[in-house]
Amino acid sequence: MSPVPVVVRRATEADLREVGDLTARAYVTDGLVDPDHWYTAELRDAAARGRAATVLVAVPPDDGGRVLGTITIAPAGSPYAEVARADEVELRMLAVDPASRRQGVAEQLVHAALREAVGVGAHGVVLSTLDSMRSAHRLYDRLGFVARPERDWSDEITMRVLTWHPPEAPGPLVEAATWPPPRSVDVDGWRVGLSGGVTRRAGSTLALAPVADVPRAVDEVERLYREDEAPAVFRVGDPQTAPGLVDELDARGYTTAAVTDVLVRGLDGAPPVGSAAARDVAAPDVSVRVADAPDDAWLSVWLAGKGGARAPSRAVVTGAPALYLAATAADGTDVAVLRAAPVDDWVALSCLQVVPAARRSGLGRALTLQALALAGQRGARRAFLQVEAGNGAALRLYTALGFRPAHRYAYRVQPVPQADTGC
Ligand SMILES: CC(C)(COP(=O)(O)OP(=O)(O)OC[C@H]1O[C@@H](n2cnc3c(N)ncnc32)[C@H](O)[C@@H]1OP(=O)(O)O)[C@@H](O)C(=O)NCCC(=O)NCCS
């Protein structure tokens, strides 16, 4: 089954009527509840849960307002949380339109809900199911939910409780070690990464220590970025992010850019190098070369997707030891690249780019599998990567390869001063 292309996003006011109708229809069609039962009215009342919880919808890529499925994410203590403990969020009312079943819509909804849960800092995700919800059970099992019989409960019927926990995240320092800035300066324990504006990952400040005077420290960071001729950028959302920093950046008008999910998987199941699964290249006339430095062809493919100048980019991309994988077509042109950087027992995958004309032919999957296999052979036990929360194609690819959300952070970017026109 190839999953139907859908986009999962937060429901808007305009979606809620259809969300409610769809949810009630899905439960009634499956015989889970009678049409005139009080719970059917609650399922239909998506407007109420939109006020008290986060409602996600799956829609076709062209959107157009048609809802294919929905799930509700209830914070602990909210009216829609039945069993969530303080550090958990609860998934409720997963429903897919009967006409859109067996196409992976529910799986994409649950994956998106797990990312949202991790994004709000939940340590666990909990849900209650009925024994009769068999197809949902297979899905939850596949995604790593575990039965918690000691938490089962009953109202009119017995509800089975399942929980999911995010994998351990590498943390900002491990992440930064795989993509260090060409120059960094310490400001009161904050690491100010200076890269002339080449990639936010290198050219951002890790403010991972409390400071006595936040405005003064931010002033000093801004001064350093002015010298570097780049806007000041802070990474926020880590448990260690300095208290008071986000309020200070809000007051200075910093925008939020690139909400980023850190995805993690173990390497135990990675296929051995050279195996058919590791190559898994759909186009048979594509070969993969691996080097420990990027050549010009590798950089060209990466930069075509990123924009930016070659010279500073080479310095940034080669800042830590790494393997550089490139897939070459029969005519000798490179069609896809990937970088794999080891640190401790991790490997960080980054820079995955497939040239637009070669997409959807299995290259992204093949290069990622090859990198995992190589990293496993060299001693890595787990892999992580960072992907923007809106990059649906990449999220689908990585999720299908077993990556799961471990953490979410965002960059805050200094506003560009408006030129004084004198009028
Ligand atoms: C994301 C990207 C690397 C995928 O490369 P690709 O070679 O097209 O991916 P594959 O052909 O290996 O696809 C594997 C799976 O990923 C998912 N996928 C890939 N592209 C997708 C898209 N546009 N929409 C939805 N799902 C997609 C599908 O599940 C696909 O499996 P399927 O074809 O059997 O349905 C490519 O779109 C790209 O280069 N994007 C720009 C750079 C980027 O976003 N890099 C990732 C940075 S973290």
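Along its principal axes, what span do the Cα atoms of the stretch 111-199 show, with the longest given first and each in whole Å?
62, 26, 16
Hey, what did the stretch 18-60 get for relative contact order, percent, Cα under 8 Å, at least 6 apart?
RCO, the stretch 18-60: 41 percent.
Figure the gain on full extension for Ala41 and Thr29 (residue separation times 0.36 nm, minus the Cα-Cα span) and round it to one decimal in nm.
Roughly 2.9 nm would be gained on extension.
Where the only charges are on Cβ atoms (+1 Lys, Arg; -1 Asp, Glu), what is the dipole of the stretch 187-256 about its Cα centre, to the nearest 20 debye?
The calculation lands at about 260 debye.
For the stretch 1-48, with equal point scatterers placed on the C-alpha atoms only and solvent neglected, what are the log10 I(q)/I(0) values from the Debye formula at q = 0.32 1/Å, to two decimals?
-1.08
Counting only other residues whose beta carbon sits under 11 Å from that of Glu107, what net charge do I get with K and R as +1, D and E as -1?
Cβ neighbours under 11 Å give a net charge of +4.
Given the DSSP H assignment, sum -39500 (n - 2.57) over each helix run of at least 4 residues in the chain and divide by its residue total; what's the result at 222 nm in deg cm²/dmol, nearest 500?
Taking each H run of at least 4 residues, the total per residue is -8500 deg cm²/dmol.
What FRET efficiency would be calculated for the residue pair Asp21, Thr255, taking the C-beta separation as r and a Förster radius of 30 Å, to the nearest 0.05?
0.20
Ignoring ligands and nucleic acids, what accessible area does Glu168 show with a 1.4 Å probe (Å², nearest 10)?
130
Mind jotting down the distance between the C-alpha centroids of the stretch 21-93 and the stretch 148-218, whole Å?
30
Can you pull the one-decimal nm distance between simple spin-label points at Gln377 and Arg51, each 7 Å off the Cα toward Cβ?
The answer from the label model is 6.0 nm.
For the chain, what number results from the quotient of the Cα radius of gyration and 2.2 N^0.38 Å?
Compared with the compact-globule rule of thumb, the chain sits at 1.07.
What translational diffusion coefficient, to the nearest whole µm²/s, does the stretch 45-95 have by Stokes-Einstein, given a Kirkwood radius computed over alpha-carbon pairs, a temperature of 37 °C and 0.692 mPa s viscosity?
My calculation gives 282 µm²/s for D.
The values are calculated or read from the model by the stated rules, or taken from the named source; none is laboratory data. Everything numeric here is computed off the predicted structure, so don't read it as measured data. Quick reminder, even Gly has a Cβ in these numbers, built from the backbone with ideal geometry, and neighbours come from all protein chains shown. Surface accessibility is based on the protein's heavy atoms, side chains included, excluding ligands, DNA and RNA. Shrake-Rupley method; radii C 1.70, N 1.55, O 1.52, S 1.80 Å.
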